[in-house]
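Colleague: Let me give you the structure first, and then I'll get to my questions.
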There are 2 protein chains.
Amino acid sequence: MDEVALQEKLGHAIRQQRVALEVSQETFADSIRMHRAYYSKIERGERNMTLATLWRVAQGLGLEPSELLREAGV
Amino acid sequence: MDEVALQEKLGHAIRQQRVALEVSQETFADSIRMHRAYYSKIERGERNMTLATLWRVAQGLGLEPSELLREAGV
């Protein structure tokens, strides 16, 4: 695995979890007070986010950061 | 938990894992090609590192990123 694969796997897992909550990208991004365009890039695996951002996304999904990474298989 | 607590818990877990490998901060930082001063700040919980950096540290410790976060209890 390289860094890009990590981002892509995590983005995919975030999308899956968000879809499972039956909320749109826009609604979810708003709920965690994140710019919609930035959040969209996270789901596409195009952002090397920080721990603080990972934590914010995980919180919004109702998961611990470690659980979210485990869901992503990383 | 807030963002600072996350950083501190993770830094503490990283230090524990590195000490368990019986390598110095300097040796470990060199082994993952990271500036020693930056790595020292990570262990002290003073850096909001990116996913790529988390992955590099976890690799050096022989862990998956999710395992490292779980060790940190976050």
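The values are calculated or read from the model by the stated rules, or taken from the named source; none is laboratory data. As the structure is a computational prediction, the values presented were derived from the model and not from experiment. Note that each Cβ is placed from the backbone with ideal geometry, even for glycine, and that neighbours are counted across all protein chains shown. Calculation scope for accessible area: heavy atoms of the full protein, side chains included, ligands and nucleic acids excluded. Shrake-Rupley method; radii C 1.70, N 1.55, O 1.52, S 1.80 Å.
Colleague: Give me the residue from region B:63-74 that is out of contact with any Leu (no Cβ under 8 Å at 6 or more places or on another chain) and either among the aliphatic types (A, V, I, L, M) or not in a helix (DSSP H, G or I) (or both) and, out of that set, farthest from the other protein chains (Cβ to nearest Cβ).
Modeller: Only one residue fits best here, namely B:LEU63.
Colleague: Something else now. Kindly indicate whether A:LYS41 is within 14 Å of chain B (Cβ to nearest Cβ), at pLDDT 95 or above and farther than 25 Å from B:LEU10 by Cα.
Modeller: yes
Colleague: Now for a separate question. For region B:31-53, which positions are in contact (Cβ under 8 Å) with a residue 24 or more places away in the chain and either assigned to a helix (DSSP H, G or I) or hydroxyl-bearing (Ser, Thr, Tyr) (or both)?
Modeller: The answer is B:SER31, B:ILE42, B:GLU43.
Colleague: Go through B:ARG18, B:ARG47 for me and flag whichever is touching a helix residue (DSSP H, G or I) at 6+ places or on another chain (Cβ under 6 Å), at the interface with another protein chain (Cβ under 10 Å from one of its Cβ atoms) and over 19 Å from A:VAL74 (Cβ atoms). First the steps, then the outcome.
Modeller: Numbers: B:ARG18 fails: at the interface with another protein chain (Cβ under 10 Å from one of its Cβ atoms).
Every option except B:ARG47 fails the conditions.
Colleague: Looking at region A:1-25, which of the residues that are among the aliphatic types (A, V, I, L, M), open to solvent by less than 50 Å² (accessible area, probe 1.4 Å) and part of a helix (DSSP H, G or I) is farthest from A:LEU63 (Cα to Cα)?
Modeller: Restricting to residues being among the aliphatic types (A, V, I, L, M), open to solvent by less than 50 Å² (accessible area, probe 1.4 Å) and part of a helix (DSSP H, G or I), the top hit is A:ALA5.
Colleague: Additional query: Mind counting the residues in region A:63-74 that are touching a residue at least 12 places away in the same chain (Cβ under 8 Å), open to solvent by less than 70 Å² (accessible area, probe 1.4 Å) and not aliphatic (A, V, I, L, M)?
Modeller: Of region A:63-74, the ones touching a residue at least 12 places away in the same chain (Cβ under 8 Å) are A:63, A:65, A:68-69, A:71-74.
So of that shortlist, the ones also open to solvent by less than 70 Å² (accessible area, probe 1.4 Å) come out as A:63, A:65, A:68-69, A:72-74.
Next cut, not aliphatic (A, V, I, L, M) only: A:65, A:73.
So the answer is 2.
Colleague: Turning to a different aspect of this structure: Quick check on A:SER31: is it over 10 Å from the mean Cα position of the chain (by Cα) and among the hydroxyl-bearing types (Ser, Thr, Tyr)?
Modeller: yes
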